[in-house]
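Written below as structure tokens is the structure these notes are about.
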Amino acid sequence: METKPMYLIKGGKRLDGRKLEEWRDIEIKTGVIPNADGSCQVNFGKTKVIASVYGPRELHPKHMVMSDKALVRARYDMLSFSVEDRKRPGPGRREIEISKVTAEALRDVVLVEKFPRAVIDVFVTVIQADASTRITGLNAASVALADAGIPMKGLVTGVTFGKIYDEKGKGYMAVDVYKPEDQWGNADVAYARSIATNEVVLLQMDGDVTKEEFFQGKEMADKAIEYTYQQQLKALKAKYEGD
Ligand code: ADP
């Protein structure tokens with residue numbers, strides 16, 4: 001068990017050497033699960049997540065069928081070895097909640113009316129967790145949907161931001177929090193948007209921030225989102241250039 005550090009910012013830098021507005025290395029690759037209709041791996045630093053998409057396909061159970069649109073279902077899970085102490089397999093309350101918010105965020109952009117009666121299944125699997133897994137998973141899921149050729153209003157792109165403190169105990173907003181900051185920081189916010197529709201599709205917060213701090217963090221996160229979005233597009237283009 002790691003011990004709580006006295007502070008998370010020292011000499012103006014975070015404990016992993018990043019500036020407050022700096023995100024981790026972001027890698028995005030499509031087609032990582034060839035048997036799926038679409039797939040994508042996204043790494044935000046040491047957080048690594050794979051999303052695979054199956055569908056549109058026939059929906060079971062039948063009572064869930066909607067005559068005018070498709071159902072977008074999402075299942076989020078963490079592999080046992082994805083965290084330091086082995087995670088008990090299977091979904092708990094946390095996984096059920098993240099699956100729900102993931103599906104809701106994706107339903108905002110998928111053109112569900114194009115596929116009445118069908119289901120589009122999205123599986124988000126965390127291979128290695130170093131915080132911000134729901135957002136990393138959502139970034140992967142939206143690229144996997146595009147990789148599957150599913151029509152959407154646009155991609156979904158997100159970044160986590162939080163509040164961390166320095167040697168003097170003063171709090172600062174920081175973008176793309178990693179595990180020590182998630183665990184010992186004052187607050188963290190999971191935030192995802194659709195750049196195409198200019199809508200916020202996921203917003204969840206733990207902890208306390210002032211209104212000013214929230215908008216300061218959001219402004220930093222918007223810059224990181226713009227960069228992440230470009231990386232998502234690059235990954236999708238690379239697929240077609242590589243074919
Ligand atoms: P998110 O991963 O979206 O930030 P949480 O805030 O719930 O969601 O989790 C923060 C981090 O805590 C995770 O990314 C992971 O690193 C760690 N974590 C979550 N669940 C577990 C668990 N069961 N065992 C160990 N670490 C966990």
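The values are calculated or read from the model by the stated rules, or taken from the named source; none is laboratory data. Fair warning: this is a prediction, and the values are worked out from it, not measured in the lab. Methodologically, a virtual Cβ is constructed for each residue, glycine included, from the backbone with ideal geometry; neighbour enumeration extends over all protein chains shown.
Consider the range 66-101. How many of its residues are under 17 Å from the mean Cα position of the chain (by Cα) and of a type in the set (Phe, Trp, Tyr)?
Matching residues across the range 66-101 total 1.
Please verify whether the range 146-157 includes one or more residues that are farther than 27 Å from Asp37 by Cα, within 16 Å of the ligand (Cβ to nearest atom) and touching a residue at least 24 places away in the same chain (Cβ under 8 Å). Explain how you work it out, then say what you get.
So the first thing to find is which residues in the range 146-157 are farther than 27 Å from Asp37 by Cα, and the list is none.
No - not one qualifying residue is present in the range 146-157.
Test Ala131 against the criterion of being touching an Asp or Glu at 6+ places or on another chain (Cβ under 7 Å), within 16 Å of the ligand (Cβ to nearest atom) and not hydroxyl-bearing (Ser, Thr, Tyr), and give yes or no.
Yes: the conditions hold for Ala131.
Please count how many residues of the range 56-95 are away from the ligand (no atom under 16 Å from the Cβ) and out of contact with any Leu (no Cβ under 7 Å at 6 or more places or on another chain). Before you say what the answer is, go through the steps one by one.
Taking the range 56-95 as the starting set, the residues that turn out to be away from the ligand (no atom under 16 Å from the Cβ) are 56-73.
Now narrow it down to the ones that are out of contact with any Leu (no Cβ under 7 Å at 6 or more places or on another chain): 56-58, 60-63, 66-70, 73.
Qualifying residue count, the range 56-95: 13.
Applying the selection to the range 28-43, what residues are among the hydroxyl-bearing types (Ser, Thr, Tyr) and within 15 Å of the chain's Cα centre (by Cα)?
Just the residues of the range 28-43 that are among the hydroxyl-bearing types (Ser, Thr, Tyr), to begin with: 30, 39.
Matches in the range 28-43: Ser39 only.
Of the residues Val53, Val72, which single one is of a type in the set (A, V, I, L, M), touching a residue at least 40 places away in the same chain (Cβ under 8 Å) and touching a Phe, Trp or Tyr at 6+ places or on another chain (Cβ under 9 Å)? Before you say what the answer is, go through the steps one by one.
Working: Val72 fails: touching a Phe, Trp or Tyr at 6+ places or on another chain (Cβ under 9 Å).
Only one candidate passes the filter, namely Val53.
Filter the range 96-121 for residues that are more than 16 Å from the ligand (Cβ to nearest atom) and touching a Gly at 6+ places or on another chain (Cβ under 9 Å); which is nearest to Ala187 (Cα to Cα)? Step through it out loud before you land on a result.
So in the range 96-121, the residues more than 16 Å from the ligand (Cβ to nearest atom) come out as 107-121.
Going one step further and asking which of them are touching a Gly at 6+ places or on another chain (Cβ under 9 Å), we end up with 109, 115, 118-121.
Values: Val109: 28, Phe115: 40, Ala118: 39, Val119: 36, Ile120: 34, Asp121: 32 Å.
In this case the residue turns out to be Val109.
Which number in (1) surrounded by fewer than 21 Cβ atoms within 10 Å (Cβ to Cβ); (2) small (Gly, Ala, Ser); (3) modelled with pLDDT of 95 or more marks the one condition that Gly169 misses?
Among (1) surrounded by fewer than 21 Cβ atoms within 10 Å (Cβ to Cβ); (2) small (Gly, Ala, Ser); (3) modelled with pLDDT of 95 or more, the lone unmet condition for Gly169 is (3).
For the range 1-33, give me the residue count where each residue is among the charged types (D, E, K, R) and surrounded by 19 or more Cβ atoms within 10 Å (Cβ to Cβ).
2
Consider Thr228 carefully, then state whether it is more than 14 Å from the ligand (Cβ to nearest atom), closer than 30 Å to Glu113 by Cα, part of a helix (DSSP H, G or I) and touching a residue at least 40 places away in the same chain (Cβ under 8 Å).
On the way: more than 14 Å from the ligand (Cβ to nearest atom): yes; closer than 30 Å to Glu113 by Cα: yes; part of a helix (DSSP H, G or I): yes; touching a residue at least 40 places away in the same chain (Cβ under 8 Å): yes.
So Thr228 passes the test.
Inside the range 143-159, can you point out the residues that are assigned to a strand (DSSP E or B) and crowded, with 24+ Cβ neighbours inside 10 Å?
Start the filter on the range 143-159 by keeping residues that are assigned to a strand (DSSP E or B), which leaves 152, 157-159.
Across the range 143-159, the qualifying residues are Thr157, Gly158, Val159.
So which of Asn186, Asn198 is farther than 29 Å from Leu111 by Cβ, polar (S, T, N, Q) and surrounded by fewer than 24 Cβ atoms within 10 Å (Cβ to Cβ)? First the steps, then the outcome.
Working: Asn198 fails: farther than 29 Å from Leu111 by Cβ.
Residue meeting the stated conditions: Asn186.
In the range 184-216, which residues are touching a residue at least 60 places away in the same chain (Cβ under 8 Å), within 16 Å of the ligand (Cβ to nearest atom), farther than 13 Å from Leu20 by Cβ and not in a strand (DSSP E or B)?
The one that is touching a residue at least 60 places away in the same chain (Cβ under 8 Å), within 16 Å of the ligand (Cβ to nearest atom), farther than 13 Å from Leu20 by Cβ and not in a strand (DSSP E or B): Trp184.
What residue, of Ala174, Ala140, is small (Gly, Ala, Ser), in a helix (DSSP H, G or I), away from the ligand (no atom under 11 Å from the Cβ) and touching a residue at least 40 places away in the same chain (Cβ under 8 Å)? Outline the logic, then answer.
Details: Ala174 fails: in a helix (DSSP H, G or I).
Checking each option against the conditions leaves just Ala140.
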